Amino acid sequence: MSYFKNIPAIAFEGKGSDNPLAFKHYDPNQVVLGKTMEEHLRYAVAYWHTFNANGSDPFGAGTMVRGWDQYDGLDRSKARVEANFEFMEKLNIPYYCFHDIDIAPEGATLQETNKNLDVIVAMLKDAQKQSGKKLLWNTVNMFTNPRFVHGAGTTCNADVYAYAGAQLKKGLEVGKELGAENYVFWGGREGYETLLNTDMGFELDNLARLYHMAIDYANEIGFDAQFLIEPKPKEPTKHQYDFDAATTIAFLQKYGLKDKFKLNLEANHATLAGHTFEHEIRTAAINGMLGSLDANQGDLLLGWDTDEFPTDLYSTTLTMYEVLKAGGLGRGGVNFDAKVRRGSFEAEDLFLAHIAGMDSFAWGLKAAVKLIENRTLDGIVENRYRSFKEGIGAEIVAGKATLKSLEQYALQNNPIVNESGRQERIRLMLSEVIFSV
Ligand code: XUL
Ligand code: CO
């Protein structure tokens, strides 16, 4: 059964094309900096936004017109599997990502839920084998069901904690069964609203305990996926524990978890934390913690996670610049954790939105390559720090300076001369590069 009958396979037609159902920049086979675009970008479809979201918001019902909605329950889940593989095939996207409850309905009991999962996982495994498509990462949803009202790994209720552990165990088994390259932990309700009723230190200790159990169980069953934590500063709770990259790294370090984890960074989460995406990526990279990306963008006029498809070329360029400078995404990828707007309710919009995201990231990749090949930013940065290459600067870097030697130097060095950072000129140079590729 086809769910996108009127949509052809999306091909690369290049910059001159005016066909909306074609790529203008994403040419999967084009080699840049020694790898194909497909290898650099490792695109993934987010199951939940593409096959589950119905467009409802707090003010109105769903608007999305979706072929699989003619079915219910497990039948609808099966239809979504078919739709997912048709979608990936037509867009030439190699990976997908899901939460457990995206792929199969929750039953009345844990046993029933696991049985439903087994049916769909078998179907996914088959479809992966036939299509060559792969699972970039899976995760478990421990935030939607009302049992998680006070959190999962950070709940005040040990019975809920135990349920979360059982759900996580199954998630790791599912990941192994489907050969997931990564396993993601996004702390949905791992955070708090008020310290008046919260033991923050205890909750964080418990969260770390759950992660250690996950590592042990993954080792036990031979599931070798890269574990990823996805930081987010707020929403749903006021104080999410994994606020941003730096906070998450400090947590992992404190609890002896740093070697097993990397970060899955999301653009809109960075914005909510008051950071740029590139800041978060750089923070991860300089700590050896860059894992994978959730690609989207927020709306700077709104203070919540709008999960829009990424079309801001300055951001995609600087994102890919950071990724290339960090040596690539390794086992990670670019997962479109993005949803079509409520008014973009036709099935065709799912294609147009992914094309927009894929072309914007490919465009950003090409611009980033040019920035690297021309050493545009490298040259600027190197020149800016050149005072550390000789004299007192070189002594500081070599670890030879003391406060006394710095004082001796400063006493005779008068006046101090600073230079302009030239931000405005650099921004214009960046624009010129983006629009030249
Ligand atoms: C929530 C979010 C999640 C994670 C996976 O903001 O980004 O969808 O990516 O749980
Ligand atoms: Co995400």
Can you tell me, using C-alpha contacts under 8 Å and at least 6 residues apart, the relative contact order of the chain as a whole percent? 15
Suppose each label sits 7 Å from its Cα in the direction of the beta carbon; what would the Glu89-Thr247 distance come out to in nanometres? 4.4
Once fully extended, how much extra length lies between Leu196 and Asp159, figured as 0.36 nm per residue of separation less the alpha-carbon to alpha-carbon distance? 11.1 nm
Helix-derived [θ] at 222 nm for the chain: sum -39500 (n - 2.57) over DSSP H runs of at least 4, divide by residue count, nearest 500? -14000 deg cm²/dmol
I need the peptides 245-253, 137-145, 102-110, 14-22 ranked by packing, meaning the mean over residues of other C-beta atoms within 10 angstrom, with the highest value on top. 137-145, 245-253, 102-110, 14-22
Apply the Karplus curve 6.51 cos²θ - 1.76 cosθ + 1.60, θ = phi - 60°, to the phi angles in the range 14-19 and return the couplings in whole Hz, x for Gly and Pro. x, 4, x, 5, 10, 7
Report, to the nearest 10°, how far helix 423-434 tilts away from the longest principal axis of the Cα atoms in the chain, using its own Cα long axis and a range of 0 to 90°. 50
Going 7 Å from the Cα of Glu348 toward and past its Cβ, which residues in the range 76-96 have a backbone nitrogen under 18 Å from where you end up? 87, 90-91
Equivalent ellipsoid semi-axes, the range 263-393, via Cα gyration tensor eigenvalues times 5, rooted, Å: 31, 16, 13
FRET efficiency for Lys129 and Lys5, Cβ-Cβ distance as r, R0 = 22 Å, nearest 0.05? 0.35
Burial order of peptide ranges 365-374, 194-203 (average beta-carbon count within 10 Å, highest first): 365-374, 194-203
Angle in degrees between helix 313-325 and the longest Cα principal axis of the chain, rounded to the nearest 10: 80
Which residue, Leu302, Phe261, Met88, has the largest displacement toward the positive end of the dipole of the chain when charges sit on each Cβ (Lys, Arg +1; Asp, Glu -1)? Phe261
May I ask you to compute the full-extension gain from Arg341 to Glu373, defined as 0.36 nm times their residue separation minus their alpha-carbon distance, rounded to one decimal in nm? 7.8 nm
Let's see if you can work this out: charge +1 on each Lys and Arg Cβ, -1 on each Asp and Glu Cβ, no other charges. What is the dipole magnitude of the range 1-74 about its Cα centre, in debye to the nearest 20? 140
Across Asp294, Asp57, Asp312, the residue with the highest GNM fluctuation in the chain (Cα network, 10 Å cutoff) is Asp57
Take the Cβ-Cβ distance between Glu220 and Leu411 as r, set R0 to 60 Å, and report the resulting FRET efficiency rounded to the nearest 0.05. 0.40
Karplus couplings for the range 122-135 from phi (6.51 cos²θ - 1.76 cosθ + 1.60, θ = phi - 60°), rounded to Hz, Gly and Pro as x? 4, 5, 5, 4, 4, 5, 4, 5, 5, 9, x, 6, 10, 8
Would you please give the FRET efficiency between Tyr255 and Glu235, computed as 1/(1 + (r/R0)^6) with r the Cβ-Cβ distance and R0 = 25 Å, to the nearest 0.05? 0.55
Assigned charges on the beta-carbon of Lys, Arg, Asp, Glu; the chain dipole about Cα centre (debye): 900
I want to check the label-to-label distance for Arg76 and Ala61. Put each point 7 Å from Cα in the C-beta direction and report it in nm to one decimal. 1.3
Distance between modelled label sites at Leu110 and Glu39, nm, 7 Å Cα→Cβ extension: 4.4
Relative contact order in percent for the range 93-134 (Cα pairs under 8 Å, 6+ apart) equals 46
For the range 177-185, in order, what is each residue's ³J(HN,Hα) by Karplus, 6.51 cos²θ - 1.76 cosθ + 1.60 with θ = phi - 60°, in whole Hz (x at glycine and Pro)? 4, 9, x, 4, 7, 9, 10, 9, 10
Sequence gap at least 6, Cα distance under 8 Å: using those rules, report the relative contact order of the range 289-430 to the nearest whole percent. 23
Can you compute the equivalent ellipsoid semi-axes for the range 180-220, i.e. the square root of 5 times each eigenvalue of the Cα gyration tensor, sorted largest first and rounded to whole Å? 26, 13, 4
What aspartates and glutamates does Lys400 reach when the alpha-carbon gap must be under 18 Å and sequence neighbours fewer than 8 apart in one chain are set aside? Glu390
What Kirkwood hydrodynamic radius do you get for the chain when you take the inverse of the mean 1/r over all pairs of distinct Cα atoms, in Å? 23.5
Give the dimensionless ratio obtained when the Cα radius of gyration of the range 1-140 is divided by 2.2 N^0.38 Å. 1.18
Selection from Ala410, Ala158, Ala362, by position along the positive dipole direction of the chain (Cβ): Ala410
The set of residues whose placed amide H lies less than 5 Å from the amide H of Tyr183, leaving out same-chain residues fewer than 5 positions away, is Gln226, Phe227, Leu228
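Values in this text are rule-based calculations from the coordinates and carry no lab data. If you're wondering where the values come from, they're calculated on a predicted model, not measured in any experiment. Quick reminder, even Gly has a Cβ in these numbers, built from the backbone with ideal geometry, and neighbours come from all protein chains shown.
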